[in-house]
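Written out below as structure tokens is the structure these notes cover.
The values are calculated or read from the model by the stated rules, or taken from the named source; none is laboratory data. Computed from a prediction, not measured in an experiment: that's the story for all the values here. A quick note on method: Cβ atoms are made from the backbone with ideal geometry, for glycine too, and the neighbour counts reach across all protein chains shown.
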Amino acid sequence: MTIEFPAARTAIVTGAASYRGIGRAAAARLAKEGWNIGLVDRDADPIHELADELVSEFGVQARGVAADVADEREVRRAVDEIESALPQIVALVNVAGVSSPVPYLELDHAEWNRVLNINLYGVHYMSRRVAESLVKNRIGRIVSISSVSAQRGGGTFSKTPYSVAKAGVIGLTRSLARELGPFDVTANAIAPGPIDTDIMGGTLTEERKVELAADLVVNRVGTVDDVAAAICFLLSADAGYISGHTLNVDGGLYMH
């Protein structure tokens, strides 16, 4: 039985400040589908600008709040502000993350903590706070961005701490699915492969796109819109029977 979402519903998207990033593409696509949007990112100006664009273009409500997802107090403040300003929170999309190309034998304590704090602890802090609201209303969706690096042990631009954090996101997702399922809340992860964003060391050249595509079973690297489409599906009311799953949006790079 498909659970009906409220007509006025809000999705929170983290990490939407990057102009070429997955978060921004997901926020725009969700707004186009009628979601009101809460935006959380460390960079205030881009998300306030994006919030204004979503309101103007799609006629939805939107609110941008500057916060560091690696700081639990800031996370709780940001979600509280969004919840007081927008309609009922029904969904969370954890996109905020950083890359880390440092080789393991050159890795220091600070870099390890930086990557884990943002890419894993940040997902936990956001999920923990938003889950309180979803459970109270007995409806909700959580989607978190992992990576094919978690499944392959790297092999992309980023190395060990990134892979560790993204593997943790998969484990966290499965646990959330199990614990929140009785409250009609689903939790899923998406593991992108090569996507044309700046997180892979800057804008991809056409030559590098060709090199990356050589490992795939499709003839191109992915786009942010490919991932945004998957996010929107997993957040939809129709996806209520999918939980604890990791959806690979990777052009066939990792088959298991």
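For segment 27-44, which residues satisfy the criterion of being surrounded by fewer than 24 Cβ atoms within 10 Å (Cβ to Cβ) and either within 17 Å of Ala228 (Cβ to Cβ) or of a type in the set (S, T, N, Q) (or both)?
Listed by number, the residues that qualify are Ala28, Arg29, Lys32, Glu33, Gly34.
Which condition number in (1) modelled with pLDDT of 95 or more; (2) within 30 Å of Ala110 (Cβ to Cβ); (3) not in a helix (DSSP H, G or I) is the one that Val169 fails?
In the conditions (1) modelled with pLDDT of 95 or more; (2) within 30 Å of Ala110 (Cβ to Cβ); (3) not in a helix (DSSP H, G or I), Val169 misses (3) alone.
For the condition over 12 Å from the mean Cα position of the chain (by Cα) and under 28 Å from Ala191 (Cβ atoms), what is the one hit in Val13, Val65?
Working: Val13 fails: over 12 Å from the mean Cα position of the chain (by Cα).
That would be Val65, the only listed residue that is over 12 Å from the mean Cα position of the chain (by Cα) and under 28 Å from Ala191 (Cβ atoms).
Report yes if Tyr254 is of a type in the set (Phe, Trp, Tyr), within 29 Å of Ile37 (Cα to Cα) and either surrounded by fewer than 13 Cβ atoms within 10 Å (Cβ to Cβ) or at pLDDT below 85 (or both), otherwise no. Before you say what the answer is, go through the steps one by one.
Details: of a type in the set (Phe, Trp, Tyr): yes; within 29 Å of Ile37 (Cα to Cα): no; either surrounded by fewer than 13 Cβ atoms within 10 Å (Cβ to Cβ) or at pLDDT below 85 (or both): yes.
Criteria not met by Tyr254.
Just for segment 108-147: of the residues that are closer than 18 Å to Ala177 by Cα and among the charged types (D, E, K, R), which one is nearest to the chain's Cα centre (by Cα)?
It comes out as Arg141.
For Tyr19, which of the numbered conditions (1) in contact (Cβ under 8 Å) with a residue 60 or more places away in the chain; (2) more than 17 Å from Arg141 (Cα to Cα); (3) not in a helix (DSSP H, G or I) fails to hold?
Status for Tyr19: all satisfied but (1).
Among (1) within 27 Å of Gly240 (Cα to Cα); (2) of a type in the set (Val, Ile, Thr); (3) not in a helix (DSSP H, G or I), which single condition is Val75 missing?
Going through (1) within 27 Å of Gly240 (Cα to Cα); (2) of a type in the set (Val, Ile, Thr); (3) not in a helix (DSSP H, G or I) one by one, Val75 breaks only (3).
Got at least one residue in segment 56-66 being out of contact with any Gly (no Cβ under 9 Å at 6 or more places or on another chain), more than 23 Å from Arg128 (Cβ to Cβ) and modelled with pLDDT under 95?
No - not one qualifying residue is present in segment 56-66.
Determine the pairs where a residue that is farther than 11 Å from Val69 by Cα, located within segment 104-121, has a partner that is of a type outside the set (Val, Ile, Thr) with Cβ atoms under 6 Å apart, the partner being 6 or more residues away or on another chain.
Close Cβ pairs (under 6 Å, with a partner that is of a type outside the set (Val, Ile, Thr)) amount to Trp112/Pro161; Val115/Ser100; Val115/Pro161; Val115/Tyr162; Val115/Ala165; Leu116/Ala165.
What are the residues in segment 162-172 that are surrounded by fewer than 23 Cβ atoms within 10 Å (Cβ to Cβ) and either in contact with a strand residue (DSSP E or B) (Cβ under 7 Å, 6 or more places away or on another chain) or in contact (Cβ under 8 Å) with a residue 40 or more places away in the chain (or both), if any?
Residues satisfying the conditions are Val164, Gly168, Ile170, Leu172.
Ile47 versus (1) buried (at least 24 other Cβ atoms within 10 Å of the Cβ); (2) under 19 Å from Val185 (Cα atoms): which is the lone unmet condition?
The failed condition is (2).
When the residues of segment 79-130 are filtered to those that are assigned to a helix (DSSP H, G or I) and in contact with a Phe, Trp or Tyr (Cβ under 9 Å, 6 or more places away or on another chain), which remaining residue is surrounded by the fewest Cβ atoms within 10 Å (Cβ to Cβ)?
Let us first name the residues in segment 79-130 that are assigned to a helix (DSSP H, G or I), namely 79-85, 104-106, 109-130.
Filter once more, keeping what is in contact with a Phe, Trp or Tyr (Cβ under 9 Å, 6 or more places away or on another chain): 115, 119.
On the way: Val115: 25, Asn119: 30.
Looking at the filtered set, the residue picked out is Val115.
Looking at segment 131-165 only, could you name the residues that are assigned to a helix (DSSP H, G or I) and closer than 19 Å to Thr10 by Cβ? I'd like the intermediate steps shown before the answer.
Within segment 131-165, the first condition is being assigned to a helix (DSSP H, G or I), and the residues that meet it are 131-137, 148-152, 160-165.
Matches in segment 131-165: Ala131, Glu132, Ser133, Leu134, Val135, Lys136, Asn137.
Would you confirm whether or not segment 173-193 contains a residue that is on the phi < 0 side of the Ramachandran plot, β-branched (Val, Ile, Thr), surrounded by fewer than 21 Cβ atoms within 10 Å (Cβ to Cβ) and modelled with pLDDT of 95 or more? Please lay out each step first, then the result.
Taking segment 173-193 as the starting set, the residues that turn out to be on the phi < 0 side of the Ramachandran plot are 173-183, 185-193.
Those left that are additionally β-branched (Val, Ile, Thr): 173, 185-186, 190.
Keeping just the survivors that are surrounded by fewer than 21 Cβ atoms within 10 Å (Cβ to Cβ) gives none.
So far as segment 173-193 goes, no, none of its residues is on the phi < 0 side of the Ramachandran plot, β-branched (Val, Ile, Thr), surrounded by fewer than 21 Cβ atoms within 10 Å (Cβ to Cβ) and modelled with pLDDT of 95 or more.
Quick one: is Leu39 assigned to a strand (DSSP E or B) and not basic (Lys, Arg)?
yes
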